[in-house]
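Please read the structure below before turning to the comments.
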Amino acid sequence: IFATMLPLFTGLGSALGIIYLAVGYFNIITGFIVAILSGLGIDFSIHMLARYYEERALGKDIISSLKTVFKTTLKATFTAATTTAFAFLCLIVTEFKGFSQFGYTIFLGLMLIIVAMFISFPCVLIISERLKPIDSSKIEKSSEKSLSRLRGKKYPMPYTVAIVMFILIVLSIFYPPKFNFNFSSLRSSKTVVISDENSSGGKSTGPSK
């Protein structure tokens with residue numbers, strides 16, 4: 001838990017700090033940054049930890065397992081994180097500030113999660129192994145037990161699933177979703193507009209800010 005959550009929380013805290021310094025507030029778009037970064041960032045640590053367990057199940061020691069993880073899985077994880085981060089960074093060209101701020105905060109958040117994982121991941125594993133060493137035989141038995149449940153089983157109703165997915169794809173082509181750019185339509189029907197009035201009791205000067 002610590003090996004996967006510590007890099008994530010570190011990256012989240014850094015990203016939120018950047019929003020506070022660069023923007024100073026959350027808007028209707030950037031308010032979802034915690035949920036999105038949590039979903040994207042936790043995958044990287046899980047992949048690293050799974051590969052570490054595979055190496056330990058082969059009988060390798062802690063340092064050798066970490067070296068293998070950093071030489072192989074870390075490169076793939078960094079590539080995946082970078083491509084995802086730059087995809088969000090493309091939003092900075094939009095005129096709507098909500099999407100622009102959302103794009104570069106997600107970009108920085110993912111990069112900071114990778115940096116935090118690079119620093120903290122091996123430290124947490126080494127400390128945890130010293131406190132409670134991992135039994136490689138148990139890992140191997142657990143993996144073999146999980147794989148044995150899948151061997152010899154076929155995918156349930158493959159033709160039905162394929163036909164349903166094909167129909168959904170065709171429907172999405174002929175009936176594409178529409179995006180409503182009018183954010184005022186998202187307001188509640190019970191919204192009350194408060195206007196300022198002149199001290200002399202004249203006409204309204206418009207809605208207050």
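The values are calculated or read from the model by the stated rules, or taken from the named source; none is laboratory data. Fair warning: this is a prediction, and the values are worked out from it, not measured in the lab. Virtual Cβ from ideal backbone geometry, glycine too; neighbours counted across all protein chains shown. Surface areas here come from the heavy atoms of the whole protein model, side chains and all, with no ligands, DNA or RNA. Shrake-Rupley method; radii C 1.70, N 1.55, O 1.52, S 1.80 Å.
For the reader, a short list of remarks on this structure follows.
- Residue within the range 50-62 that is open to solvent by less than 70 Å² (accessible area, probe 1.4 Å), in contact (Cβ under 8 Å) with a residue 40 or more places away in the chain and under 30 Å from ASN182 (Cα atoms) present: no
- Here MET111 does not qualify as closer than 21 Å to PRO133 by Cα and either among the charged types (D, E, K, R) or surrounded by 15 or more Cβ atoms within 10 Å (Cβ to Cβ) (or both).
- Conditions (1) over 14 Å from ILE113 (Cα atoms); (2) in a helix (DSSP H, G or I); (3) among the polar types (S, T, N, Q); number of the one not met by ASN27: (2)
- Within the range 79-97, the set of residues being open to solvent by less than 80 Å² (accessible area, probe 1.4 Å), in contact with a helix residue (DSSP H, G or I) (Cβ under 7 Å, 6 or more places away or on another chain) and of a type outside the set (A, V, I, L, M) comprises THR84, PHE88, THR94.
- Cβ-Cβ contacts under 8 Å between residues 6 or more apart (or on different chains), taken from a first residue in the range 152-173 that is at pLDDT 90 or above to a second residue that is loosely packed, with under 10 Cβ neighbours inside 10 Å, are listed as VAL161/TYR155.
- Restricting attention to the range 114-123, the residues being of a type outside the set (Gly, Ala, Ser), closer than 15 Å to LYS67 by Cα and surrounded by 15 or more Cβ atoms within 10 Å (Cβ to Cβ) number 4.
- Residue list for the range 1-32, restricted to those being modelled with pLDDT of 80 or more and open to solvent by less than 40 Å² (accessible area, probe 1.4 Å): THR4, LEU8, LEU12, GLY17
- Set side by side, the residues SER204, SER146, SER189 differ, and just one is at pLDDT below 80, of a type in the set (Ser, Thr, Tyr) and open to solvent by 80 Å² or more (accessible area, probe 1.4 Å), which is SER189.
- LYS75 vs. criteria open to solvent by 20 Å² or more (accessible area, probe 1.4 Å), of a type in the set (Lys, Arg) and part of a helix (DSSP H, G or I): yes
- Members of the range 80-108 found to be at pLDDT below 85 and aromatic (Phe, Trp, Tyr), listed by number: PHE96, PHE99, PHE102, TYR104
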